[in-house]
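Participant: Pasting in a structure now, in structure tokens, and then I'll have a few things to ask.
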């Protein structure tokens, strides 16, 4: 017994395996078909008897639809996401040492990937960032300016590519402990939100608030007005004292006149 097939809708470029007109295997593979198209394939089973009598031949009808082609952007995005997911995120980012105008940060080594090539560290401050690379699990930044808040992030560079950036670690020179070190727990969103609020507070407090300037101006105006009021009162008191002195002298002269007049009588 042998088999053959017919596919009226198949294009000329269709490639069949087996490629012979008749075949004995119970498997047929068709390729180079159009995507998203429906095809009907007739598979005939024949032998020597059916070859003599055409009415005896048997066939099976197979109908199928090929898959739609995926968008190239969607495919590349899916591959990129899977590619990034294979590289773990750096954990345990912390302040290892503090210098007069510098800081040393450190992080936990990646144990899943044994052949990590290096680490990239991003330093961001004053709307500018720099990225450095090291093979160690620590790095020292020097010549930091105390008036700026710095954020540090680390990611792995391995044979699988670049990993995702770690959560930022915030630090400002001269302000003691670092602000909000990253959280090692993935699902602890409350702590991360609390760290963000601390960061925002220190960002806003690095420069005097507008209310502080308003209070200082109001205090200065009150002091000036109070000083002017004291000066005006002192001038008024001096005028009153001079008037009283004139009245007293006038009274004394009258008394003296009356006294002498009485003495003569």
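The numbers here are math on the coordinates, done by the rules we state, and not lab data. Model, not experiment: these values are computed from the prediction. Here the Cβ is made from the backbone with ideal geometry for all residues, glycine too, and neighbour counts use every protein chain on show.
Participant: So the label point goes 7 Å from the Cα of residue 98 along Cα→C-beta, right? Which residues of region 147-171 then have their backbone N under 18 Å from it?
Facilitator: The answer is 147-152, 169-171.
Participant: Rg (Å, one decimal) plus Dmax (Å, integer) for the alpha carbons of region 2-65?
Facilitator: When restricted to Cα atoms, region 2-65 yields Rg and Dmax of 12.7, 39 Å.
Participant: Please list 90-98, 34-42 highest first by mean number of surrounding beta-carbon atoms within 10 Å per residue.
Facilitator: Output ranking for 90-98, 34-42: 90-98, 34-42.
Participant: A further question follows. Report the full-extension gain for the segment residue 47 to residue 159: residue separation times 0.36 nm, less the Cα-Cα distance, to one decimal in nm.
Facilitator: 34.5 nm
Participant: Note down the nm distance, to one decimal, between modelled labels 7 Å out along Cα→Cβ at residue 147 and at residue 108.
Facilitator: Modelled inter-label distance: 3.9 nm.
Participant: Something else about it: Kirkwood Rh, region 93-161, all Cα pairs: how many Å?
Facilitator: Mean inverse Cα-Cα distance, inverted, gives 12.9 Å.
Participant: Given R₀ = 22 Å, what would the calculated FRET efficiency be for residue 211 paired with residue 126, taking r from the Cβ atoms and rounding to 0.05?
Facilitator: Using R0 = 22 Å, I get an efficiency of 0.35.
Participant: Stretch residue 65-residue 219 to full length: gain in nm at 0.36 nm per residue minus the Cα-Cα span?
Facilitator: 47.1 nm
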